[in-house]
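Visitor: Pasting a structure below so you can have a look.
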Amino acid sequence: MEFILAILIGIFYAAGLYMMLRRSLVKLIIGLILLGNGANLLIFLLGRITKGLPPIISGESPVFLGAYADPIPQALILTAIVISFGLQSFAIVLVKRAYTVVKTDDLDQMNSTDQFS
Amino acid sequence: MLTAILTGFLFSLLLVFAGKYLKGKLAILSALVPLGLFIYFLQFVETIANGEIISQNVEWVPSFGVNLGFTLDGLSLIFCLMITGIGFLVFAYTAAYLKGHEYLDRFYGYLGIFMGAMLGIVLSDNIISLFVFWELTSLSSFFLIGFNNKEESSRKSAILALVITGFGGLFLLSGALILGSVAGTFTISEMLISKDLISESPHYIIIVAMIFVAAFTKSAQFPFHFWLPGAMKAPTPVSTYLHSATMVKAGIYLLMRFTPVLGSTEFWNSTLIIVGTVTMLYAAIHTLFRTDLKGVLAYSTISALGILVFLIGLGTEEALLAACVFILVHALYKATLFLVTGIIDHETGSRDITLLSGLRKVLFPVAIAGFLAAISNAGIPPSFGFLGKDLIYEATLHFGNSAIFLTALAIITNILLLYAGFLAGIKPFSGKLPENFSKVHMPSFLMWIPPLILAVLGILIGIFPSIIQESLIQPAVTSLGENGGDVLLKLWHGFNTILALSATTIGIGIMLYFLIKPTKKVEIAIEKLEFISPKTITEKFGDAFHYFSSLWTNLFQNGYLRHYVSTIILFLVAVMGYTLLKNTRYRLDYSSFTALTIYEVITVAIMIAGILYTVFTKSRLAAVAALGIVGLTISLIFVYYSAPDLAMTQFSIDTLTVILFVLVLYKLPKYLNLSDYKTRIKDGILSIAFGALISILALEVLAEPQSSEISEFYAENAYLLAKGKNVVNVILVDFRGIDTFMEIAVLTIAAIGVFALLKLRMTAKERITTENKK
Amino acid sequence: MKTVILKTASNYLLPLLLLFSFFILLRGHYLPGGGFVGGLIAAIAFVLHAFANGLENTKQLLRIHPGFLMPVGLALALFSGFSPIIFSDLPFMTGIWFPEPLSVVGMVGSALFFDIGVYLVVVGVSLTIIFTITESA
């Protein structure tokens, strides 16, 4: 399964990057989300995946009795998911705002402030 | 002494507040500052003449060995007196020259900074502080050259001068740092002790070369000389003060100061002789082709500086004595000539030598000053210049086997310099007065007294050389490491070779003056050769750099986000790809992987289909829906692999994201196929390469052993220390609580940002833009 | 989307979902759940209500602007961090607990208050974003 997941993460990254390279603002955000999902999965995979052993101490025992999934990547991804929601909503609103001001969602039309002459 | 240096800076600072009053009648009062300093330094003359050295040490950055150490010895004293003395005359002169000028206060401010910095250079006993003052003079020179900042040529010259002298300053810094580390001290007087250590060090050549570049740029030596004629764009008082009397001699000072430490080696002497000779001849010949008075003076200054470098290069006792004397000689007559030129320019409005003549009838005292200066410049007895020239010939004649050759070169230079001096000091005043100049009247006494004082001094010292012999010259030569005890300055040496040489120089020079008339034609003709001059080459270099940097910037900073992204990714793919290809072993241990189950395969298949659909669909809504499916399948993956918390969070977030997208999206325009086919293929290839790279990277990392100490700590102590059984939650709210707190703070900021973006009203400017678009 | 079924359902779903979200929050220390998930569920509950009944009704129901939940939550989280300094003279963010466990919740301590803070912030943030966008869309 790890092998398939690695390939899947590659697809996530490739798709995310491809969308980010498009000129449409909406596609840029979709690309960002795909990239974020890929990154979450990458962290998840690299923390080694374990089946059916959540990092929750069961029963009355104060410590783990057997194997358990690594909790650190999970904690990391959990915060990453929530943060990326904040980021995405901000980006989406930024796009909307930019669209109302510039009246285009073509990124190439928005480069006028950045040109070095 | 620190007080003396600071006076200049404080004076400038004061002008920021008091500048308004200075523009009125109080300008002349500012001349009291250099005058006071001049008197202050005069009182040391006797002490120094008795062979004492006054030093003062103020700790500045003691941890780096950088102190504000000041030493006043013979050499410094000559320079201090020149800086403050000529400074006084120039300050007074300026009061009339720039009377009523809008920026008079600024001008005095720059002059004050310059004076302080220049005193700092000649008094510093620490190379680092010397460097700081050195750069300060470059800066103040930049502002003074560009004083007429509305003229493009002024600004250009100022930048050129700053670039060249600043470039030299960097060399001074690096040279000073190497020298300091070799000598083990940054204090110049302490370096004298370790002279042998320095000259035997493997870095000796580098140190000397760097000091040379610094001195040559500052003192306008070939091939760095070209900024000085450009610097003549500055008002004449500046040319007088900075670009003939003091600042350009900072390089000379540096060479003299380091002669006892670094000098007397083959490399030191021969380089200085060659550079000095080339400069003095090259610039002297150039004076023949100039018709602008200040141009003539600029080139003759360069030539005189060349003579000084040449003398320091000879390095004999006689040569150094000659150099000390010539510094004073040159400062006196060249400052006079510049001030005279300034008066002519101020009163007639022209500096063209071909137009000016007969001005003695209207500007008689000025004509006297010009004449006396020209006499001194020519070395005609009984002037001080005669003494100086004699000493030069004496130095060259007594210089070993190439004596005759060097003497001949010195004679040629002196002949040409004489011509230049006559051109500037006598030519404008002789002959018939043209009609249009008949109404010219004498300027304020503030303007004609200073040159007259200097010119008369030049003659007086010539007649009574004993005034300065013991008090100034002797200690100066002593401080150069030579025995200055037997210095004897005399006007009359009897009939000997030197007298004959002097007579030859004067004779040919005067003949030249009557034979050659400067014309525009020659000047224009010589300008055709400009394309191979060092100036043009430097400017071409500058242009090329400018062109290249704008090309570079426009290539990478072109304002297209996706170009930035693709450049970064391309670089990453190339670098990482290379490393991976080189070091990867492609050894996958399938046995350690978890087994595949059918529902997992189906989940992944759905996910891949979702991604591909998101990427390739033409409908935005479909893309968002597909994105939602992808998010849900991710949460399924989390469920399979023991992450219930993640699954729940992913599920809720996915729901909210889709809602958000749908809310915003249908207000946005439809997808457009903006990129052409070729770009898409190119981006596609890059993306696939990037994805493949990440996949390989992930597999590589999986093949490495994993360290899980931290996880084990958290897992084992979750209940014991934090009384929680859900380890993920315990990490979030207890072990890493501060991180989580920061995270919710960031979330809050994002929410406030969204609120601000949508709720706050547009600014007026945006509204106009929006309306224009409509 | 103002169908009768959804409208009726949402009226019952809102309290149920809120209760559920609170349950998720409280059990977070022992079983899957916690402030983040709980907060998101609560936010979804309100969004659902807003879709069914219109934003104005939901706002009336809330009485206060959801944005105010953010500073309240932040303050609560910060307070729970400072509580060990105040009550037990222990360093910042050290966990302290009441001696007796509560049923369902388990041990009540500073960590729980911190989680409640997180919960409030997440609800506030999500609702502020969604409501703002809905209003200006």
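The values are calculated or read from the model by the stated rules, or taken from the named source; none is laboratory data. Note that the coordinates shown come from a computational prediction; the quantities given were computed from them, not determined experimentally. Note: ideal-geometry Cβ built from the backbone for every residue, glycine included; neighbour counts use all protein chains shown. The area values use the complete protein model at the heavy-atom level, side chains included, leaving out ligands, DNA and RNA. Shrake-Rupley method; radii C 1.70, N 1.55, O 1.52, S 1.80 Å.
Visitor: Using only the Cα atoms of chain B, what do you get for the radius of gyration and for Dmax, in Å?
Guide: Both quantities, over Cα of chain B: 37.9, 118 Å.
Visitor: So, one more: Can you tell me what percent of all Cα-Cα pairs in the stretch B:625-761 are more than 20 Å apart?
Guide: So the portion of pairs separated by more than 20 Å is 73 percent.
Visitor: If you don't mind, another one. Grab every C-alpha pair in the stretch B:553-656, bin the distances at 10 angstrom width from 0 up to the longest one, and report whole percents.
Guide: The percentages, shortest bin first, are 13, 23, 28, 30, 7, 0.
Visitor: Which value, in Å to one decimal place, does the Kirkwood hydrodynamic radius take for the stretch B:1-121 when every pair of different Cα atoms is included?
Guide: 15.2 Å
Visitor: Given the options C:Gly54, C:Gly35, C:Gly67, state which has the largest fluctuation in a GNM of chain C using a 10 Å cut-off (strictly under) for Cα springs.
Guide: C:Gly54
Visitor: Ordering B:Ser124, A:Ser58, B:Ser566 by how much accessible area each has at a 1.4 Å probe, largest first, what is the list?
Guide: Per-residue accessible area, sorted high to low, gives A:Ser58, B:Ser566, B:Ser124.
Visitor: Moving to a separate point now. Just the accessible area per residue of the protein assembly as shown, please: how many Å² with a 1.4 Å probe? If you can, show how the numbers build up before the last one.
Guide: Values: 43320 Å² over 1028 residues.
Here the per-residue accessible area is 42 Å².
Visitor: Hey, what do the phi angles of the stretch B:208-224 turn into as Karplus ³J(HN,Hα) couplings, whole Hz, using 6.51/-1.76/1.60 and θ = phi - 60°, x for Gly and Pro?
Guide: With the stated coefficients, the stretch B:208-224 comes to 4, 4, 5, 4, 4, 4, 4, 5, 5, 5, 5, 9, 6, 8, 4, x, 9 Hz.
Visitor: Which part of the stretch B:187-226 falls in the paramagnetic zone of B:Ser181, meaning amide N under 18 Å from the point 7 Å along Cα-to-beta-carbon?
Guide: Only B:187, B:197-211 pass the distance filter.
Visitor: Add -39500 (n - 2.57) for each DSSP H run of 4 or more in the protein assembly as shown, then divide by its residues: what number comes out at 222 nm, to the nearest 500 deg cm²/dmol? Could the numbers behind the result be given before it?
Guide: Working: 41 runs with 713 residues, N = 1028.
Computed mean residue ellipticity for the protein assembly as shown: -23500 deg cm²/dmol.
Visitor: If a paramagnetic tag sat 7 Å from the Cα of B:Phe405 along the Cα-Cβ line, which residues of the stretch B:285-323 would have the backbone N under 17 Å from that point?
Guide: From the stretch B:285-323, the list is B:310-311, B:313-315.
Visitor: Could you give each residue of the stretch B:693-703 its phi-based ³J(HN,Hα) in whole Hz, using Karplus coefficients 6.51, -1.76, 1.60 with θ = phi - 60°, and x for Gly or Pro?
Guide: 4, 5, 4, 4, 4, 4, 5, 4, 5, 4, 6
Visitor: Taking each pair of distinct Cα atoms in chain C once, what is the resulting Kirkwood hydrodynamic radius in Å? All intermediate terms of the calculation are to be shown ahead of the outcome.
Guide: Details: mean 1/r = 0.0624 Å⁻¹.
The Cα-based Kirkwood calculation yields 16.0 Å.
Visitor: Scan around B:Ile54 for amide H atoms under 5 Å from its own, H built in the peptide plane at 1.01 Å from N, and keep only partners 5 or more places away or cross-chain.
Guide: Those qualifying (amide H under 5 Å, at least 5 residues apart or on another chain) are B:Leu72.
Visitor: Which ³J(HN,Hα) values, rounded to whole Hz and listed in residue order, are derived for the stretch B:455-462 from phi using the Karplus coefficients 6.51, -1.76 and 1.60 in 6.51 cos²θ - 1.76 cosθ + 1.60 with θ = phi - 60°, glycine and proline given as x?
Guide: Per residue, the Karplus-derived 3J(HN,Hα) values read 5, 5, 4, x, 7, 4, 5, x Hz.
Visitor: Report the percentage of all Cα-Cα pairs in the protein assembly as shown whose separation exceeds 45 Å, rounded to a whole percent. Provide the component values of the computation, followed by the final result.
Guide: Working: 285937 of 527878 pairs.
When all Cα pairs of the protein assembly as shown are counted, 54 percent exceed 45 Å.
Visitor: Just the number, please: buried accessible area between B and A, total of both chains, 1.4 angstrom probe, nearest 100 square angstrom. All intermediate terms of the calculation are to be shown ahead of the outcome.
Guide: Numbers: alone 39270 and 8840 Å², together 38920 Å².
That pair hides around 9200 Å² of surface in total.
Visitor: Further question: How far apart, in nanometres, would the label points at C:Arg63 and B:Val58 be if each is projected 7 angstrom from Cα along the Cα-to-Cβ direction?
Guide: Placing both labels 7 Å along Cα→Cβ, they lie 6.9 nm apart.
Visitor: Also, quick follow-up: What are the aspartates and glutamates whose alpha-carbon lies under 16 Å from the alpha-carbon of B:Lys759, with same-chain residues fewer than 8 places away excluded?
Guide: Correct list for B:Lys759: C:Glu135.
Visitor: Compare B:Ile738, B:Ile307 by solvent-accessible area with a 1.4 Å probe and give them largest first, with all protein chains kept in place.
Guide: Working: B:Ile738 80, B:Ile307 5 Å².
My answer, sorted largest first, is B:Ile738, B:Ile307.
Visitor: Report, by chain and number, residues whose modeled amide H sits under 5 Å from the one on B:Phe222, excluding near sequence neighbours (fewer than 5 apart, same chain).
Guide: Placed amide hydrogens put B:Thr279 under 5 Å from B:Phe222.
Visitor: At 24 angstrom or more along the helix axis (alpha-carbon based) and mean Kyte-Doolittle of -1.0 or higher, what helices does chain C contain? Whole DSSP H runs only.
Guide: Values: long enough: C:4-27 (34 Å, 1.69); C:35-53 (27 Å, 1.82); C:110-136 (39 Å, 1.74).
Taking the DSSP H segments of chain C (at least 24 Å long, mean hydropathy at least -1.0), we get C:4-27, C:35-53, C:110-136.
Visitor: Calculate the dipole size of chain B relative to its Cα centre from +1 charges on Lys and Arg beta carbons and -1 charges on Asp and Glu beta carbons; express the result in debye to the nearest 20.
Guide: I would put it at about 3460 debye.
Visitor: Further question: Counting pairs of Cα atoms in the stretch B:175-234, how many percent are more than 17 Å apart?
Guide: 49 percent
Visitor: Related question: Which far-off residues, 5 or more places away or on another chain, put their amide H under 5 Å from the one on B:Gly69, with H placed in the peptide plane?
Guide: Close amide H contacts, sequence-distant or interchain: B:Val58, B:Asp125, B:Asn126.
Visitor: Let me know the Kirkwood hydrodynamic radius for chain A, please, with Cα pairs as the basis and the value in Å to one decimal.
Guide: This gives a value of 17.0 Å.
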